[in-house]
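Report on one structure; see the data block that follows.
The values are calculated or read from the model by the stated rules, or taken from the named source; none is laboratory data. Every value quoted in this text rests on a predicted model; they were computed, and no experiment measured them. When we count neighbours, we look across all protein chains shown, and the Cβ atoms used for this are built from the backbone with ideal geometry, even at glycine.
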Amino acid sequence: MRVEPLTPVRTNPLRTRVVVFLLMLAGTSLWWSQPAHASGDQQLCAPSSNAGGVATRRATLAGVPAILRMPAHTTRPPIILWHGFGPPASAAAIMEALPLDEVAAVKVYLDLPMFGERAPAGGTKELARRQAKDVGLEVFEPIVVGAADELPRVVQALEQQGCAKRADAIGLVGFSAGGAAALYAMSQREQPVDAAVLINPSTGLTASVQAFEQATGHHYAWSPASRALARQTDAAGHAAEIAGTVPPPALLFLQGADDTVMDSRSMTELDASLQKFYRRSEQRLKVTRLPGVSHQWAADPQALASVRQAVAAWFNAY
């Protein structure tokens, strides 16, 4: 584990016309280009001593680049946040969009696999090559499934650093592809989750392929392996596993009414699949359509304010 105090540095977004997973990589940040260095005398999740009450530090947790944001006091387990493939498209960007300082928890912002300092050699050209070859097996699987598979190790690293207690049920936030990672992680049930917020989420490979085809005009050639991956990751088919705790995790789905990227029918299908498992806990499952909010919610100040308020309120309630 590496850790050092975070000094925010604004960089110009990396602009590209390559469509990966249907979303523009326009917000991919170079923020992580300098590796963090170890600091042996600093506790990773030590409370903030700043006048403003918040401390931010960057670290590597079980090999995963992360930013941690600590309030002066914590009363609940950590909340882990995943960005999407388009803006906000980095740990730094999702932290700027959702600082959640009003929630008394350590916030842990993770870079998805193949993003930031883990970007493949060749950058966007390599991602374009992978997309052209097989967007499901070459892009979705290593990034979305890869992120979910990393989660238990990340939480274990947090436990080792005193940031979480063993068997804590954490919070999750996922935007778009990060939402797919969160849903898949919950379906695997390797890490207890008490509450989660999914923002304009992909609900699995099938939804992501549909969005990819719509955005690019290209037909995706399904294979036995990609169909198996869809069955594995399509959340509607795993509602029982996602809702399989007592009580079930408190799930808030924030769906932009003007989102033209993700097909709302996949969200409707998932909601219907989940409802049967929330009959005794109806208040813990909520789908909210946000008027005037598009897929790129963080780019619009009014939409950003709506999402921030909803996410913070959910975690303060659950």
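What helices (runs of 4 or more DSSP H) completely inside the stretch 205-283 contain at least 2 residues that are among the polar types (S, T, N, Q) and over 23 Å from Gly146 (Cβ atoms)? Give the derivation first.
Details: elements: 205-216, 224-233, 239-242, 264-275.
The qualifying helices (runs of 4 or more DSSP H) are 264-275.
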* To do: State all residues of the stretch 132-171 that are of a type in the set (D, E, K, R) and over 12 Å from Glu190 (Cβ atoms); if no residue qualifies, say none.
  => Lys133, Asp134, Glu138, Glu141, Glu159, Lys165, Arg166, Asp168
* Structure fact -> Checking Glu159, Glu150, Glu117 in turn, the sole residue that is surrounded by 17 or more Cβ atoms within 10 Å (Cβ to Cβ), assigned to a helix (DSSP H, G or I) and on the phi < 0 side of the Ramachandran plot turns out to be Glu150
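I'd like to know if the stretch 279-289 contains one or more residues that are among the β-branched types (Val, Ile, Thr), farther than 23 Å from Leu81 by Cα and surrounded by 13 or more Cβ atoms within 10 Å (Cβ to Cβ).
First, the residues of the stretch 279-289 that are among the β-branched types (Val, Ile, Thr): 287-288.
Those left that are additionally farther than 23 Å from Leu81 by Cα: none.
Within the stretch 279-289, none of the residues are among the β-branched types (Val, Ile, Thr), farther than 23 Å from Leu81 by Cα and surrounded by 13 or more Cβ atoms within 10 Å (Cβ to Cβ).
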* To do: Would you check if Ala225 is within 21 Å of Ala235 (Cβ to Cβ), under 17 Å from the mean Cα position of the chain (by Cα) and either surrounded by fewer than 24 Cβ atoms within 10 Å (Cβ to Cβ) or of a type in the set (Gly, Ala, Ser) (or both)?
  => no
* To do: Kindly indicate whether any position in the stretch 203-220 is modelled with pLDDT of 95 or more, in contact with a Pro (Cβ under 9 Å, 6 or more places away or on another chain) and either within 26 Å of Trp314 (Cβ to Cβ) or not basic (Lys, Arg) (or both).
  => yes
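Any residue that is part of a loop (DSSP other than H, G, I, E, B), at pLDDT 95 or above and closer than 30 Å to Thr245 by Cα - is there at least one of those in the stretch 134-146? So that I can check it myself, show each step before the final result.
Within the stretch 134-146, the first condition is being part of a loop (DSSP other than H, G, I, E, B), and the residues that meet it are none.
The answer is no, given that none of the residues of the stretch 134-146 is part of a loop (DSSP other than H, G, I, E, B), at pLDDT 95 or above and closer than 30 Å to Thr245 by Cα.
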* Asked: Pick from the stretch 165-181 the residues that are among the small types (Gly, Ala, Ser) and surrounded by fewer than 24 Cβ atoms within 10 Å (Cβ to Cβ): which of them is nearest to the chain's Cα centre (by Cα)?
  -> Ala169
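Can you say whether Ala236 is among the aliphatic types (A, V, I, L, M) and surrounded by fewer than 17 Cβ atoms within 10 Å (Cβ to Cβ), as far as the supplied structure shows?
Working: among the aliphatic types (A, V, I, L, M): yes; surrounded by fewer than 17 Cβ atoms within 10 Å (Cβ to Cβ): no.
So Ala236 fails the test.
Does the stretch 100-111 contain at least one residue that is under 25 Å from Val209 (Cα atoms) and either free of Cβ contacts under 8 Å to residues at least 12 places away in the same chain or buried (at least 24 other Cβ atoms within 10 Å of the Cβ) (or both)?
Step one: filter the stretch 100-111 for residues under 25 Å from Val209 (Cα atoms), giving 110-111.
Imposing the further condition that a residue be either free of Cβ contacts under 8 Å to residues at least 12 places away in the same chain or buried (at least 24 other Cβ atoms within 10 Å of the Cβ) (or both) reduces the set to 110-111.
Yes, there is a match, as at least one residue in the stretch 100-111 is under 25 Å from Val209 (Cα atoms) and either free of Cβ contacts under 8 Å to residues at least 12 places away in the same chain or buried (at least 24 other Cβ atoms within 10 Å of the Cβ) (or both).
Just to check your reading of the model, which residue among Ile199, Ile242 is in contact (Cβ under 8 Å) with a residue 60 or more places away in the chain, touching a helix residue (DSSP H, G or I) at 6+ places or on another chain (Cβ under 8 Å) and aliphatic (A, V, I, L, M)? Steps first, please.
Values: Ile242 fails: in contact (Cβ under 8 Å) with a residue 60 or more places away in the chain.
Answer to the selection: Ile199.
Of Gly178, Gly174, which residue is under 18 Å from Val261 (Cβ atoms) and either assigned to a strand (DSSP E or B) or touching a Lys or Arg at 6+ places or on another chain (Cβ under 8 Å) (or both)? Write out each step before concluding.
Details: Gly178 fails: either assigned to a strand (DSSP E or B) or touching a Lys or Arg at 6+ places or on another chain (Cβ under 8 Å) (or both).
Only one candidate qualifies: Gly174.
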* Structure fact -> Exception for Ile94 within (1) modelled with pLDDT of 95 or more; (2) farther than 21 Å from Tyr220 by Cβ; (3) touching a helix residue (DSSP H, G or I) at 6+ places or on another chain (Cβ under 9 Å); (4) surrounded by fewer than 24 Cβ atoms within 10 Å (Cβ to Cβ) falls at (4)
